[in-house]
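Scroll down for the structure; my scribbles are underneath it.
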C-alpha cells in the first residue's frame, strides 16, 4: 500500500511489524479501538441510520458536545455529514477488497461476538488508507 503522509506511513509500518511479530499481546488491536463502530453494520453507523442523523454534521450536535468533537476531529471529518463519512469508509473497504467480508462479520448479532482480531486484520489497511486521506485516530477509532 502506498501512503503519501510520512507520519501515517511510519505508523502503518510500525503496526505491520507488531502484527508480524505477534509478541505485543495484540496491542495493535487496541489502536483500532472503536473503528468497528464506524464500519458498515457497526453501532454508530446503525444508530445514525435508524435515528435519521445521517445527514447531520458534527456542528449539528448538542452544543455541550460540539466543542469536544470539533476540537478532536480532523478538518476533513468536521466538514462532512455522517453519511459522507460512512460512505468514505465503505469506499476504502471496497477498494481494499474487504467490504463483503466485513459485512459478513456483522451478519450475526450480537456484535460482542465479533472476533476483533479477525475483523481488524481485514480492515487494517483501510484504516490507514483513511488516515492517509486526512482522518485522524479520533475520527476513526476514538
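Summary of values
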read-out	value
Selected residue (only one of 134, 52, 42 is over 26 Å from residue 4 (Cβ atoms) and in contact with a helix residue (DSSP H, G or I) (Cβ under 6 Å, 6 or more places away or on another chain))	42
Residues within the range 1-42 that are in a helix (DSSP H, G or I), surrounded by 14 or more Cβ atoms within 10 Å (Cβ to Cβ) and either in contact with a strand residue (DSSP E or B) (Cβ under 7 Å, 6 or more places away or on another chain) or at pLDDT 90 or above (or both), tallied	8
Candidates 102, 123, 89, 98, filtered to the one that is at pLDDT 90 or above, surrounded by 16 or more Cβ atoms within 10 Å (Cβ to Cβ) and over 16 Å from residue 43 (Cβ atoms)	98
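The values are calculated or read from the model by the stated rules, or taken from the named source; none is laboratory data. This structure is a prediction, so every number in the text was calculated from the model and none was measured. Note: ideal-geometry Cβ built from the backbone for every residue, glycine included; neighbour counts use all protein chains shown.
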